[in-house]
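Heads up, the thing below is written out as structure tokens.
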Amino acid sequence: MMTACSEPTEIIFTNGPDDSGTLQQLIDQFNEEHAGEIHVTWQEGARLSNEYYHELEKAFESGTSDIDVLSADVVWTSTFAQRGWVEDVSDQFFANYQAEAFVPAALNSVSYQNDVWGVPWYTDLGILYYRKDLLAQHGYSYPPTTLTDLSTMAKTIQDATFTKHGYVFQGGNYEGGVANACEFIWNAGGQILFGDLSIDGEEDQAPILTINSQEAIDGIRAAQQLIDDGVTPADIYTYKEAESLRDFKNGDAIFMRSWPGAYRQVLAKDSPIKAEALGVAALPVRDRDKQSYSCLGGWNLMVNATATEEEQAAAWTFIQYLTSEAQQRTLALSGGHLPALRSLYQDEALVADVPALGLALQVMPNARLRPVTPHYMELAPDIAWAFSEALQDNLSAVAAVESIEGLFQAALVANRD
């Protein structure tokens, strides 16, 4: 027990920027509730996921990191666990949480080799935003389910209204480009799987490597076709979330692929788009017989393995606070983030205020993780680069897929040596 003159345990929490201001409000509330016991300072990281990762990597590898609690992209768990950067929190997790309380895909993202390395904070998945008003004005009562339907609708509306773009997504050479590339490939029936032979070192284990298929080629080609048809801007290879949001919010695009957090931004006070004019739907597929898949995004909360016992205890208290139902509801309402707790998807009032939750409930079972491997951050740039080059027409769809496979094969060999 702390004495009257005891100083609070100071912990550092790192996370990327939060434009909504919600996170700082939650931290301030926590500090007020735990005054004299724990004080949290937010150390803001880079906005882009891959840049933030390299900041964390540098901090951990230097051995001088003062971080106690960190947010981590769902694809980083195996890397952080294998490198010993984060604490195994299996005992604390099962003592304080019920596994079934979490969205299964979110819970899977904190698991590696049968241990739990963090707690799901909020989740994400790719969804289609569309101008419901423009579709209705031109006789379309439902959003497109295939890319062919999307292209037809877009060109019809573009010709009639002179709207600049039909469909914008994230084709930039960065982590968001990986998510979009995966979705185009998955929604054409392809897969991206990578078996990491360095995990158990079994020489006779066959590598799990699936990318070079006709379906994967069809997926990349479908993205290229959108550009050729004038539905997607030729410079889509430069687009990240901000550029896509800019075009859609300004009325320069009819359809947009983005994350649920964009919903609130589209309807900001300075936007000409009103709530009744905005629709959300599952991502379109290449062919009608294909299943629609979305890339699982989101963030988990983890504890630095080198933090002191006192700091780790305080960190765990803070994690429990941020992952509580009350705080997850606040993040959904004010920040537009999808909760990691299943119960909130049954909250009718919350779903009414955050429509993306209703769609997510339907789409989440078909959300997929990007390739799971401790070497993910070495491989992700290969996918992003090949996708971006294909969108610039510097690579054919065949060459893009073959390039990714070749780079993956090289990584398999390097990881066995």
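The values are calculated or read from the model by the stated rules, or taken from the named source; none is laboratory data. Since the model is a prediction, treat every value here as computed from it, not as a measurement. Don't worry about glycine lacking a Cβ; one is built from the backbone with ideal geometry, like all the others, and counts go over all protein chains shown.
A few notes on this one:
- Residue in segment 42-52 that is outside the structural domain of residue 261 (by TED's automatic domain parsing), surrounded by 17 or more Cβ atoms within 10 Å (Cβ to Cβ) and touching a strand residue (DSSP E or B) at 6+ places or on another chain (Cβ under 6 Å) present: yes
- Of the numbered criteria (1) among the polar types (S, T, N, Q); (2) at pLDDT 95 or above; (3) under 24 Å from residue 141 (Cβ atoms), the one residue 291 fails is (2).
- Pick from segment 334-344, criterion outside any helix (DSSP H, G or I) and in contact with a Gly (Cβ under 8 Å, 6 or more places away or on another chain), ranking: farthest from residue 265 (Cα to Cα): 340
Residues are listed down the side, and each one gets a yes or a no for (1) touching a helix residue (DSSP H, G or I) at 6+ places or on another chain (Cβ under 8 Å); (2) surrounded by 23 or more Cβ atoms within 10 Å (Cβ to Cβ); (3) in a helix (DSSP H, G or I):
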| residue | (1), (2), (3) |
| --- | --- |
| 289 | no, no, no |
| 298 | yes, yes, no |
| 319 | no, yes, yes |
| 332 | yes, yes, yes |
| 350 | yes, no, yes |
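- Within segment 27-81, being of a type in the set (Ser, Thr, Tyr) and in contact (Cβ under 8 Å) with a residue 40 or more places away in the chain holds for 49, 53, 65, 71, 77, 78, 79.
- Flag for residue 305 being surrounded by fewer than 18 Cβ atoms within 10 Å (Cβ to Cβ) and touching a Phe, Trp or Tyr at 6+ places or on another chain (Cβ under 9 Å): yes
- Flag for residue 220 being part of a helix (DSSP H, G or I) and among the β-branched types (Val, Ile, Thr): yes
- Filtered residues of segment 376-410 (kept if surrounded by 20 or more Cβ atoms within 10 Å (Cβ to Cβ) and in a loop (DSSP other than H, G, I, E, B)): 395
- Any chance residue 234 is within 24 Å of residue 389 (Cβ to Cβ), surrounded by fewer than 23 Cβ atoms within 10 Å (Cβ to Cβ), touching a helix residue (DSSP H, G or I) at 6+ places or on another chain (Cβ under 9 Å) and without any contact (Cβ under 8 Å) to a residue 24 or more places away in the chain: yes
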